[in-house]
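Single-structure report; data block below.
The values are calculated or read from the model by the stated rules, or taken from the named source; none is laboratory data. Worth saying up front: this structure is predicted, and the values here are computed from it rather than measured. Please note: Cβ atoms are built from the backbone with ideal geometry, for glycine as well, and neighbour counts cover all protein chains shown. Areas reflect the complete protein model, heavy atoms only, side chains present, ligands, DNA and RNA absent. Shrake-Rupley method; radii C 1.70, N 1.55, O 1.52, S 1.80 Å.
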Amino acid sequence: PVTVFGAGTERQTYSNVRILAASANLDLALLKIDTPDNRQFPTVPIGDADELKQGQPVFAIGAPLGLERSVSEGIVSLRNRQEEGHIFIQTTTQINPGNSGGPLFNLRGEVIGVNNKKIVQTGAEGLGFAIPTTVVKNFLKNRDTYAFDPANPNAGFRYNKPPKPEAKPAAPKP
C-alpha cells in the first residue's frame with residue numbers, strides 16, 4: 001500500500017499499486033497508483049543534481065522510524081561521491097530508516113536526489129547519501145529497459161517468504 005498525505009491531517013491509503021519499472025542495481029522503482037477515479041496526483045519539480053555546490057543547503061522529507069512528515073536539514077558535502085560502484089550525493093542531512101526512497105530537496109523546492117542510505121559506524125555522524133536526479137531522470141527516460149514483469153524470475157525483485165523461526169532446543173532432562 002501507498003499512503004498519500006494532503007493538507008492538515010488528511011491521509012489516503014491506496015492498495016492498488018503496480019510496479020511499472022524497477023532496478024535492483026540502481027535501487028529505484030517506478031510505481032503506479034490505480035484509483036477508481038483516475039486521480040491525478042500533485043507533482044514537484046525535478047531539479048538538476050549537476051548544479052549542486054558543496055555547502056549548499058538541502059532538506060529531506062520522510063518518515064524516519066515511522067514518524068511521518070519529518071523534515072531534516074543539512075548541506076551537500078559532495079555532489080558526486082563514489083560508493084559501491086555508484087555515484088551519490090553525500091549530505092549531512094539525517095537519513096534514517098524511513099527516509100529511504102524519499103526526496104532530497106534544494107531550497108527552491110526541487111527534488112535533487114532520492115534519499116538512499118547512511119553509513120552507520122561507531123564515531124561517524126552525518127554521512128547520508130542520495131541518488132542524484134541525473135540517475136533518476138535516466139531511469140525514467142529509459143523505463144522500458146527496466147519494465148517490471150512479475151512472471152519473469154529475472155525481473156529484479158522477488159519477495160521470498162521469510163524464514164521460519166528455528167525451534168528452540170528442548171531443555172535437558174534432570
What distance in nm separates the simple spin-label points at THR35 and GLU68, each placed 7 Å from Cα in the Cβ direction?
1.6 nm
Those residues of the stretch 44-86 whose amide nitrogen sits under 13 Å from the label point placed on LEU140, 7 Å along Cα→Cβ:
44-49
Specify the inter-centroid distance of the stretch 85-144 and the stretch 1-70, based on alpha-carbon positions, in whole Å.
13 Å
Tell me which residues come under 5 Å, amide H to amide H, from ILE75 once H is placed; ignore anything under 5 positions away on its chain.
VAL58, THR92, THR93
For the chain, what is the relative contact order in percent, using Cα pairs closer than 8 Å and at least 6 residues apart in sequence?
18 percent
Counting only residues 5 or more apart in sequence or on a different chain, those whose built amide H sits under 5 Å from that of GLY47 are VAL111, ILE112
Could you report the chain's accessible area per residue, 1.4 Å probe, as an integer in Å²?
69 Å²
If LYS118, LYS173, LYS53 are ordered by their accessible area, calculated over protein heavy atoms with a 1.4 Å probe, which sequence runs from highest to lowest?
LYS173, LYS53, LYS118
Out of the total accessible area of the chain (probe 1.4 Å, heavy atoms of protein only), what percent is carbon and sulfur?
53 percent
Can you tell which of THR35, PRO1, GLN12 lies farthest toward the positive end of the dipole of the chain, using +1 and -1 charges on the Cβ of basic and acidic side chains (Lys, Arg; Asp, Glu)?
PRO1
Computed over the stretch 3-50, the convex hull of the Cα set has an average projected area, in nm², of 5.1 nm²
With a 10 Å radius around each residue's Cβ, average the other Cβ atoms per peptide and rank 87-99, 58-70, 130-142, highest first.
87-99, 130-142, 58-70
Amide H of PHE148 versus every other amide H placed in the peptide plane: which residues, excluding those fewer than 5 positions away on the same chain, fall under 5 Å?
ALA21, ALA22
How many percent of the alpha carbon pairs in the chain exceed a separation of 22 Å?
54 percent
About the Cα centre of the chain, how large is the charge dipole given +1 on each Lys and Arg Cβ and -1 on each Asp and Glu Cβ? Please answer in debye to the nearest 20.
560 debye
